[in-house]
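Following: one structure in C-alpha cells, then a few remarks.
What follows draws every value from the coordinates through simple rules; no lab data is involved. Every value quoted in this text rests on a predicted model; they were computed, and no experiment measured them. All Cβ positions, glycine included, derive from the backbone under ideal geometry; neighbour counts span all protein chains shown.
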Amino acid sequence: MTVLETAPAAVSTKADTCASAPDAHPRPEGQDRYTISEVVAWTGLTAHTLRWYERIGLMSDVDRSHTGQRRFTNRDLDWLAFVGKLRLTGMPVADMVRYAELVRAGEHTFEARQELLEQTRRDVRTRIAELQDTLGVLDFKIDFYASAHRAQEGY
C-alpha cells in the first residue's frame, strides 16, 4: 500500500489507505456499494476467490446488506488492486495474510509492514535479475538460429 499524505504539509500524518494512486472507481464515494458480481466484473477475480480471501483473513470487514449479501466499497477495490500487485510479486499467501493482519492491527505495525514489503522487494529484484539472465540466454539462442537460417539461405 502506498502511504498517502492526509494532513497539511505543516503537520504530516500518514495513512495506509490504498495500493497506489487508485484507478477511477466505477462509483463515487458514498455511492460505492458493489455486489460480489460487480466486483468480479471489475477485478477479474472469481466470486470463489473473493470469498476465499475473506475466509482466510486477506480481506476483512466486508459490509453486508440487510439480506446478508456482501457489499464492497471503493476501499475494498483499492485493497484488491494492492493484493493483485502482491500476488504478481510472488509473495506467499501466508505473507499477504500477515500483512493484512498488520494493517488491521494499526499504526504501531508500520515497521513490521515495511520490513515485509522490503523483503518482498528484495525477492522481486532477485527474480528480475534471474529473468534478465534468462532473457540474455534466449536472445543468444534466437540470434544463433537466425544466423544459422541466414547461412542456410546463402546470405
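So the values come out like this:
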quantity	calculated
5 angstrom amide H check on Arg71, placed H, neighbours 5+ away	Asp63, Arg64, Ser65
Cβ-derived FRET efficiency at R0 35 Å, Leu117 paired with Asp139, nearest 0.05	0.65
Cα radius of gyration and Dmax for segment 42-92 (Å)	11.4, 37
For segment 33-45, Karplus couplings with θ = phi - 60° (6.51, -1.76, 1.60), whole Hz, Gly/Pro x	10, 10, 6, 5, 5, 5, 5, 4, 5, 6, 9, x, 7
Diffusion coefficient, µm² s⁻¹, Stokes-Einstein with Kirkwood Rh over alpha-carbon pairs of segment 114-153 at 10 °C and 1.306 mPa s	130 µm²/s
Where N is the number of residues in segment 80-155, Cα Rg divided by 2.2 N^0.38 Å	1.84
